[in-house]
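> I'd like to ask some things about the structure below.
The values are calculated or read from the model by the stated rules, or taken from the named source; none is laboratory data. It should be emphasised that the depicted structure is a prediction, and the values quoted were computed from it without experimental measurement. Here Cβ is always computed from backbone atoms with ideal geometry, including for glycine, and neighbour counts include all displayed protein chains.
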Amino acid sequence: MRRRRLFVPIALSLGLLLVGGCALIPSPSATTIPSEMTGEGVALATLELTSEAFGPQEAIPERFTCDGEEISPPLSWSAPPDATRSFVLIVDDPDAPMGTWVHWVLFNVPADARALPENVPAEDQLPDGSLHGNNSWRRSDYGGPCPPSGSSHRYVFKLYALDTQLDLEAGATKKQVLDAIDGHVLAYGELVGTYSR
């Protein structure tokens, strides 16, 4: 009987500790850049990433989705740090039912670029030297938003300014690109759009 009485307060205490612990531990954010991804001794700067087609947290027009022309939207961004040698752009859907779905991987975008036009060609290498990586469809191009019917998803456009160019071939995966930029990120910006079906 004594053991049972002792067990109840101990279990309650452990439960309170666990609940309190969860409240104290911040949940990871899609916008967080790990500190180890910044260049050594360099503070991470902010890039302002925008689109003429939609604003932050606004709906992405149908023509840029699988229900329309499925062309990439126009993007532009602010000036990066002087030490920037290239950009990486990654677009993914953190709300996909089977885990984050990668829609677009583009790397070695020239350091002097300040925009991407609408309808970037589906080519391994663009005329300016930018390289397409593979998305979750295992294609080297932009894949438009295409959530399941009856759902609304977020699409996070992430832009990284790097102090280097990546020694990767076209068709590299998102993981390979993220591994390669580890320690080389000087600045970061993101734009979140939504799409519902």
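> Considering R139, R154, which residue is more than 25 Å from P81 (Cβ to Cβ), in contact with a Phe, Trp or Tyr (Cβ under 9 Å, 6 or more places away or on another chain) and of a type in the set (K, R)?
Exactly one of R139, R154 is more than 25 Å from P81 (Cβ to Cβ), in contact with a Phe, Trp or Tyr (Cβ under 9 Å, 6 or more places away or on another chain) and of a type in the set (K, R), namely R154.
> Within region 42-51, is even one residue out of contact with any Pro (no Cβ under 8 Å at 6 or more places or on another chain), buried (at least 20 other Cβ atoms within 10 Å of the Cβ) and not acidic (D, E)?
no
> Being surrounded by 14 or more Cβ atoms within 10 Å (Cβ to Cβ), outside any loop (DSSP other than H, G, I, E, B) and small (G, A, S) narrows it down to one residue among S72, S76; which is it?
When all the criteria are applied, what remains is S76.
> So, T194, is that one farther than 16 Å from D95 by Cβ, of a type in the set (S, T, Y) and either surrounded by fewer than 18 Cβ atoms within 10 Å (Cβ to Cβ) or modelled with pLDDT under 95 (or both) or not?
Spelling it out, it is not the case that T194 is farther than 16 Å from D95 by Cβ, of a type in the set (S, T, Y) and either surrounded by fewer than 18 Cβ atoms within 10 Å (Cβ to Cβ) or modelled with pLDDT under 95 (or both).
> Quick one: is Q176 over 20 Å from P61 (Cβ atoms), surrounded by fewer than 20 Cβ atoms within 10 Å (Cβ to Cβ), over 17 Å from the mean Cα position of the chain (by Cα) and among the polar types (S, T, N, Q)?
no
> Sort out which residues of region 169-190 are more than 20 Å from T100 (Cβ to Cβ) and touching a residue at least 60 places away in the same chain (Cβ under 8 Å), and write them in order of number.
Within region 169-190, G183, H184, L186, A187 qualify.
> Then there's this: I'd like to check something: does region 157-170 contain any residue that is more than 26 Å from T50 (Cβ to Cβ) and of a type in the set (A, V, I, L, M, F, W, C)?
Scanning region 157-170, I find at least one residue that is more than 26 Å from T50 (Cβ to Cβ) and of a type in the set (A, V, I, L, M, F, W, C), so the answer is yes.
> Right, next: Which residues, counting only those in region 47-69, are over 15 Å from G189 (Cα atoms), within 18 Å of the chain's Cα centre (by Cα) and part of a loop (DSSP other than H, G, I, E, B)?
Selection gives F54, E58, I60, T65.
> What's the number of the condition G133 fails, among (1) in contact with a helix residue (DSSP H, G or I) (Cβ under 7 Å, 6 or more places away or on another chain); (2) touching a residue at least 60 places away in the same chain (Cβ under 8 Å); (3) crowded, with 20+ Cβ neighbours inside 10 Å?
(2)
> W77: over 14 Å from the mean Cα position of the chain (by Cα) and touching a residue at least 24 places away in the same chain (Cβ under 8 Å), yes or no?
Spelling it out, W77 is indeed over 14 Å from the mean Cα position of the chain (by Cα) and touching a residue at least 24 places away in the same chain (Cβ under 8 Å).
> Can you pull out the residues in region 162-194 that are aliphatic (A, V, I, L, M) and over 26 Å from A122 (Cβ atoms)?
V185, L186, A187
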